[in-house]
Amino acid sequence: MGRRIVAQLVLGAALAALLVSAHPVSASASTVAEADCPAGLPATAHCGTLTAPENRDNPSTRAIEMPYVVIPASTQPATGTPIVTMAGGPGQTSTAVALALAADPRIGGARDIVVLAQRGSIESSASLDCPAATSKYVDTFTKSDSPATEMTEVTLAMKDCMTAFQKAGGDPTAYTKASTASDLIELRQLLNYPTWTLYGGSWSTKVMQLVAVRDQAGVDAVVLDSFSPIDRDLKGDAYLALSDALTNLSARSNGAYPDLNADLVTAEGLFSDKPVHGLLTNPVSGQQRYYSLTGSDLVTIVQQVLYDPDTAEAVPYLLSRLAAGEKDAIAPFIPEALAHLTTINLGQYWLEACRDEQPFWSADPTEPLPEGAPADTTPKPLPVITYLTAADKICAGLGLPASGIETRSAVAVGQPTLIFASDTDPLISVAAAQSGQAAFPNNQLVVVQSNGRAGATNDVCAMDQLATWLASPGTAVTTGCTDGVAAHPAIPASEVHKSTRIASVVTAVEQRNLFELTVPLIFAGFAALWLLGWLIAVLVQALRREPIVLLLFTGIAPITGVAFLGALWVLLTAQLAAFPAFDLVGVPTTAPWLGILLGIGFLAIIPVWRLPGRATAALAAAATLVWLAMGAWFVWIVVLPS
C-alpha cells in the first residue's frame with residue numbers, strides 16, 4: 001500500500017473522529033413524546049416531538065422541540081429498514097418527499113418512512129423565520145441600486161429578528177448541519193431502530209453525509225437526491241449550474257433557442273442599462289409596489305423559475321423575447337419567482353448559511369480584467385443571484401462564527417450510496433455532484449435529464465431506479481433517466497401568441513378569485529341563461545305550432561356565446577396540459593381567432609331588437625352591453641400582443 005493511500009486513510013480516520021467528538025451523541029440527551037398529527041397525513045401515520053438541547057456544547061442551554069412523523073409500511077409487519085428523510089432546504093416542507101416515498105408500494109409497502117423537521121424550521125418550537133427580513137428582501141426588487149446596497153435594510157431586519165430570538169433565550173449559533181445530524185442520530189436511537197436508510201435532498205444531503213460518518217452502525221444505505229457535496233463552494237456552484245442548465249435546455253430545443261446563455265447575458269445588459277418597471281404584490285406583506293428590475297433581479301428570477309421543470313419549459317421563449325428587447329415579457333414570471341423564494345424560510349436559510357456555507361464560498365462574479373490592466377484596477381461587477389449576496393451582507397452584520405472546517409471534510413462513507421443529479425438543476429450541477437462521488441466508494445450516480453430541482457420523486461424513471469436499488473442497496477441501476485426531455489420540452493415560439501396578461505386570468509381561476517373574473521363570469525352566466533330560455537321558448541312555440549323563424553335567429557347569439565367560451569376553455573386547458581407554464585408566455589395562436597364567434601354573436605343580437613315588447617328590448621340592451629364588455633376583455637387579455 002503506497003504512502004499516499006496510507007496517509008489518506010489516516011487523515012480520513014482522524015476527520016471521522018473529529019466529527020464524532022465535535023457533537024457526542026447520547027440518547028439520554030433528548031426525549032421523544034407522542035403528539036397529534038397535522039392534517040394531510042395518512043390515517044395510519046403517528047407523530048411525535050423530539051426534544052433536544054439547543055446548543056449541545058452548552059450544558060445550561062434550553063431545550064427545543066422538533067416534530068417528527070412516522071408513516072408505517074402499508075404491509076405489516078415491515079420487512080425493510082426504515083427510511084428517514086428531511087426537507088431539502090431550510091424552511092421547506094418536510095413531508096412532501098416522505099409522502100411520495102410512502103405512496104409508492106415498492107418503497108412504502110415494506111418500509112416505515114420517517115421524517116424529522118429541521119431545528120429552526122417554522123415547524124419547530126424555536127423558529128428562525130424572519131418575515132420582516134423576507135419582506136425587505138422582496139422589496140429589493142422594487143429598487144435599482146447595487147445588490148449590496150439594497151440588502152442594507154434586509155440585514156437590519158435580520159439583526160432585529162436575531163436580537164428578539166436571543167431575548168427569548170435562543171442561541172443563533174446552535175443551528176448548523178452538524179447539530180441537525182445529531183438530532184437525527186438521537187431520533188433513531190429513541191425510536192429503537194437498529195438501522196435505517198438515509199434519504200437526503202439538496203441541503204439535507206450534507207446532513208446525511210455527516211450522519212453516515214458519525215453513526216455508521218445505524219445506517220445501512222444512503223440516498224442523496226439533488227446531491228450537494230459537503231465541501232463545495234455553494235455560491236460558485238450556483239452560477240456554474242445556472243449556465244449548465246441553460247446550455248442543456250438550448251441543446252434540447254432542436255435549434256429553436258441555440259444559445260440561451262447569450263440571450264441571458266444580452267437581457268442582463270438591457271435590464272442593467274434601463275431597469276424594467278411594473279406592479280408586483282409582496283407575498284409577505286401583501287402590499288403592491290412598483291418593481292424596478294435590474295440585471296441581478298433578472299438573473300435571480302430566471303434561476304428561481306428553473307427550479308420547477310414545468311416553468312422551465314417557458315424560460316427559453318422568455319429569454320428569446322427579453323434578448324430581443326421585449327422586456328415586459330418578464331412580468332408573469334415575477335410572481336412565480338417570488339412565490340418560490342418566500343416559501344423558503346429565508347431567515348433560517350441565511351442564519352445557517354452564515355455558519356456552514358457563506359464563510360467558505362467565493363466572492364460575487366466580476367468581469368475579467370483587460371489584459372495589461374493595472375494591478376489596482378477594480379473589476380466590474382456582473383449581475384448576481386441576489387439572495388446569495390443578501391447572505392454576504394447579513395453574515396457580515398450578524399458576525400456569527402464559522403463552523404469548524406471538519407464539518408466540510410469529505411470523509412469516506414462506506415455504506416452503499418445512490419446519488420441523483422439533474423442536468424438542468426440551476427443550483428447544483430452534475431459536475432458538482434460528480435466531484436463528490438469520491439467520498440462514496442460504493443456509489444452510483446443517476447443523471448436525471450430536464451428535472452430542474454424537482455428531485456427523484458418527480459421523475460418516473462428515477463423512482464424506478466430508486467425502488468430497484470432500495471430493494472437491494474448496491475444493485476446496479478440505470479445511470480441515465482431521459483424521460484424528462486420528452487415530458488418537459490421547451491415551448492415552441494411558433495405555437496405562442498404573445499400575451500403576458502393571460503397568466504393573471506389562469507391564476508385567478510386557480511385561486512378562485514371571482515373579482516378578477518367578473519367579466520367572463522357575467523358573460524358565461526348571461527349566455528347560458530339566455531340559451532336555456534331560448535330553448536324553452538323554441539320548444540313552447542313549436543308545440544303551439546306558431547312561427548319560429550325569427551325566434552330561431554335570436555338563438556344565434558347565445559349559441560355562439562356559449563360555444564366561444566367552451567372553445568376558449570378547451571383550447572387553453574389542452575395547451576396547459578401539454579405545457580403547464582404556457583400561460584406565462586401567452587395563448588395558443590388559434591385563440592385570437594375565436595373572437596370571430598364573439599363577433600357573430602354580437603351581430604346576432606340585431607334580430608332581438610326587432611322582437612316586440614319591453615322584455616325583449618331589455619334583453620337586447622343587456623346583451624349588447626355584456627357582449628361589448630366581453631369583447632373588450634377578450635381583446636385586452638388575448639388578442640393584443642403583450
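Shown are W534, W609, W469, whose ranking by accessible area with a 1.4 Å probe and every protein chain present, most to least, is W609, W534, W469. Think of each Lys and Arg Cβ as +1 and each Asp and Glu Cβ as -1; about the Cα centre, that makes the dipole of the chain roughly 1280 debye. Protein heavy-atom surface of the chain, 1.4 angstrom probe: 61% of the accessible area is carbon and sulfur, with nucleic acids and ligands not counted. V284 contributes an accessible area of around 60 Å² to the protein surface, as traced by a 1.4 Å probe with all chains present. Per residue, the accessible area of the chain comes to 42 Å² when a 1.4 Å probe rolls over the protein heavy atoms.
Taking the C-alpha atoms only, the angle from helix 295-305 to the longest principal axis of the chain is near 90 degrees. Other residues lying with their Cβ under 12 Å from the Cβ of A433 contribute a combined charge of -4, Lys and Arg counting +1, Asp and Glu -1.
Of the residues D231, D225, the one with the largest accessible area comes first in the ranking D231, D225, computed with a 1.4 Å probe on protein heavy atoms. Between G201 and M86, D225, the built amide H atoms are under 5 Å apart, and every one of these is 5 or more places off in sequence or on another chain. Sequentially through segment 361-367, phi angles give Karplus couplings (6.51, -1.76, 1.60; θ = phi - 60°) of 9, 7, 6, 4, x, 9, 6 Hz, Gly and Pro residues having no value and appearing as x.
Just so you know, the Cα atoms of segment 505-642 work out to an Rg and Dmax of 16.8, 53 Å. What shape does the chain take by its C-alpha gyration tensor, where a ≥ b ≥ c are the square roots of the eigenvalues and a/c under 1.5 counts as rounded, a/b above b/c as prolate, and the rest as oblate? In terms of gyration-tensor shape, prolate. Other residues within the sphere of radius under 12 Å centred on the Cβ of H277, judged by their own Cβ, net out at +2 (K and R +1, D and E -1). Per-residue 3J(HN,Hα) values for segment 561-575, derived from phi via the Karplus relation 6.51 cos²θ - 1.76 cosθ + 1.60 with θ = phi - 60°, read x, 5, 5, 4, 5, x, 5, 5, 5, 4, 4, 5, 5, 5, 5 Hz in sequence order (x marks Gly and Pro). Close amide H partners of V219, meaning residues 5 or more places away or on another chain with modelled amide H under 5 Å apart, are W196. Axis angle, to the nearest 10 degrees, between helix 614-634 and the longest C-alpha principal axis of the chain: 40 degrees. Largest first, the residues L445, L351, L532, L270 sort by 1.4 Å accessible area into L532, L270, L445, L351. Would you mind checking the tilt of helix 333-343 against the longest principal axis of the Cα atoms of the chain, expressed as 0 to 90 degrees and rounded to 10? That works out to roughly 40 degrees. Its Cα gyration tensor gives segment 98-186 an equivalent ellipsoid, and the semi-axes of that ellipsoid, as √(5λ) in whole Å with the largest first, are 35, 20, 10.
In this structure, the residue pairs whose Cα-Cα separation is over 29 Å, taken from K274/K380; K136/K498; K393/K498, are K136/K498; K393/K498. Of interest is the spacing of the C-alpha centroids, which for segment 393-427 and segment 107-168 amounts to 19 Å. For segment 456-465, 3J(HN,Hα) computed residue by residue from phi via the Karplus equation (6.51, -1.76, 1.60; θ = phi - 60°) reads 4, 5, 8, 10, 4, 4, 4, 5, 4, 5 Hz, glycine and proline entered as x.
Ligands, DNA and RNA aside, F526 has an accessible area near 50 Å² when probed at 1.4 Å.
Distance between the C-alpha centers of segment 443-471 and segment 321-385? Whole Å please. Value for the Cα centre distance between the two parts: 29 Å. Taking all protein chains as they are arranged and a probe of 1.4 Å, the heavy atoms of K380 leave approximately 130 Å² accessible to solvent. Counted by Cβ distance under 11 Å from L249, the other residues give a net charge of -4, where Lys and Arg count +1 and Asp and Glu count -1.
For the cross-link pairs K167/K206; K177/K235; K143/K177; K206/K235, the ones whose C-alpha atoms lie over 22 Å apart are K167/K206; K143/K177.
Going by the alpha-carbon gyration tensor, a ≥ b ≥ c the square roots of its eigenvalues, is segment 294-379 rounded (a/c under 1.5) or, if a/c is not under 1.5, prolate (a/b greater than b/c) versus oblate? Verdict is oblate for segment 294-379. Take the Cα of F515, step 7 Å toward its Cβ, do the same at D57, and the gap between the two points is 5.2 nm. Would you mind classifying segment 388-527 by shape? Square roots of the alpha carbon gyration tensor eigenvalues, ordered a ≥ b ≥ c; an a/c under 1.5 is rounded, otherwise it is prolate if a/b is larger than b/c and oblate if not. Because a/c hits 1.5 or more and a/b fails to exceed b/c, segment 388-527 counts as oblate.
The values are calculated or read from the model by the stated rules, or taken from the named source; none is laboratory data. Please read these numbers as outputs of a predicted model, since none were measured by experiment. With ideal geometry, Cβ positions are generated from the backbone for all residues, glycine too; neighbour counts draw on all protein chains shown. Accessible surface is based on the protein model in full, side chains and every heavy atom, while ligands, DNA and RNA are left aside. Shrake-Rupley method; radii C 1.70, N 1.55, O 1.52, S 1.80 Å.
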